[in-house]
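Below is one structure, written out as structure tokens, with a few remarks after it.
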């Protein structure tokens, strides 16, 4: 019995410990239709913020038996070194459409300055039919960054995102019902709250390592008297907010944490505190997204002291973020079928780092409206071209003669050449027709669009009847051992396809390099000391680029990082004494040869792997132009902004083996040549990253700027 008691106590302590890292939470709901049995479906979304991603709030229906979840989905919105916000989506089946409460409560918050310990979250859901809209009542849409940071000496105002799809007035108040809406139930000192405008003002207080825990409530009220009618024919009247003791239509919890830190040397935005600049959307901006189409929000900030470090985002499940080549943050999200007609707020802040101190920007929020697909299109990407096809039936008011790509001046950019009776079709090179080149850490993007025009000489339009934006996306780095061509279909706003550029690693019978050895003749076998002729070729539609092979090494396994390797070329220099580099008139080809060898021991095969990159031809500031760099070569300092070059990529070929010979005991049973032609076709995007941007880089340098790789700096 004693051991059972101890075990129960341990379980209780573990439970409390797992819940003792609470930073905040919120909830919203959406009516999703009526079932044949008379019950109603409600999407109930709730977000939980803890110090880790494994915990979440446990909600329950206050009226027993009134509702039960029958679908469930969980996703991570934001995870960083301090906090993690997750979202749970349940479609709840409720027995009727009358008002009811959902509730969650437990212990404990993180250590808070205002002594908030237990957390209480309460939601009022009312699905009654409104007399003004003739539709079921909908809740406000709310969001906030759950962990905010403020320097002690810098007053700041946060405009909380609170939008109501029914057009109701939204009020943000502090919780005032103990053990239901709040624990401490009083606004922390140093802050004021304008309830009607949902603005939270920070004025002044002392700094502290602990956070303030905020326990707020968001409510909506009609602008005029309305009534709600329920399925049992009962009604309730709802009064506007300006009357005495108004009763809200809905009630949502909004809890979050704010940390007041030590003073900043300056409170001016853009010095230490990040300042948002173009093209960052304004706070409260409306953004349109289309079902099953990936949307983008570009965020950019600057500081003169320190550097921009990170972005934090709160939004719908499966939202993502990355950094592009313009030092901008890109927030991406794809709405799905169940999101049609809904509205989703997305909030973000940016951190800057100066020495060891983090400074946070203001918070901005945008509202994303989800609409249905309007134009049906399809895009295919290859290593040299983009093909876009748009169904004419999806835009009957426009004729193909009045549609064009971004820059139609080249005849290859005409949409008339390939179009037919059912589709407008464009087939054009990646580096033509006004295609924009952008990149992030992982991908290179070639973007273009089809837009309407009245006169071929027009450069602007005010008749924005159609805009089909699309892009091809290519991976920039990685070890590629097979090629692929793939595409995503039926994309309208951002049509995206996947394709490959090609590195081709082949063997040749002699130093003429005229005809490669046919793969059907494999496996290939060599005698010890005989010469092996190899060529690496880069395929790209972009001119003025060159291939550079920085290193090659041999390994008994197809792994360039295997512990036992033999260097053939290092830092652009020949290491193996038998290496011969054969001159080629094509700067995108590298031809070389070595004498055949084997690894000592039981290894019977050899793989050859090379690290290579692409550069702008003739640019003296690239790694390619430096050639061989050995320990005695003088260091060359390069200007960062001038370098146009890709990341490193690896291609490999093999295995190779020796001819079996009775006169050569060492060769007997060795080199089981199974020359797997690991056909390296993989768009080593980056390789063309700098490359594919070259043509556009010169014409649009303000939009496409490539930077050198950090490990290449001196």
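Each reported figure results from applying straightforward, stated rules to the coordinates on display, with no laboratory input. Here the structure is a predicted model, which means the values were calculated and not measured. All Cβ positions, glycine included, derive from the backbone under ideal geometry; neighbour counts span all protein chains shown.
So if R0 is 45 Å, what FRET efficiency would residue 117 and residue 247 give, r being the distance between their Cβ atoms, rounded to the nearest 0.05?
Values: r = 30 Å, r/R0 = 0.67.
Here the calculated transfer efficiency is 0.90.
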Taking 120, 359 and counting other beta carbon atoms within 10 angstrom, the fewest-first order is 120, 359
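What ranking of 534, 305 emerges when the number of other C-beta atoms within 10 Å of each C-beta is taken as an exposure proxy, fewest first? Could you put the intermediate results ahead of the total?
On the way: 534 20, 305 15.
Least crowded to most crowded, the residues run 305, 534.
Which FRET efficiency value, to the nearest 0.05, do you get for residue 208 and residue 394 by plugging their Cβ-Cβ distance into 1/(1 + (r/R0)^6) with R0 = 51 Å?
On the way: r = 58 Å, r/R0 = 1.13.
Plugging the Cβ-Cβ distance into 1/(1 + (r/R0)^6) gives 0.30.
Express in nm, to one decimal, how much length is gained between residue 406 and residue 95 on full extension, taking 0.36 nm for each residue of separation and deducting their alpha carbon distance.
Gain on extension, residue 406 to residue 95, equals 106.5 nm.
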Relative contact order in percent for the range 236-325 (Cα pairs under 8 Å, 6+ apart) equals 23 percent
One finds, for residue 539 and residue 76 with R0 = 25 angstrom and r their Cβ-Cβ distance, a FRET efficiency to the nearest 0.05 of 0.05
Expressed in nanometres to one decimal, the distance between label points 7 Å along Cα→Cβ at residue 229 and residue 285 is 4.2 nm
Distance in Å, no decimals, from the C-alpha centre of the range 52-99 to the one of the range 151-201 is 23 Å
Rounded to one decimal in nm, the spacing of the 7 Å Cα→Cβ label points at residue 587 and residue 32 is 5.8 nm
Expected sort for 610, 108, 84, 381 with the fewest Cβ neighbours (10 Å cutoff) up front is 108, 84, 610, 381
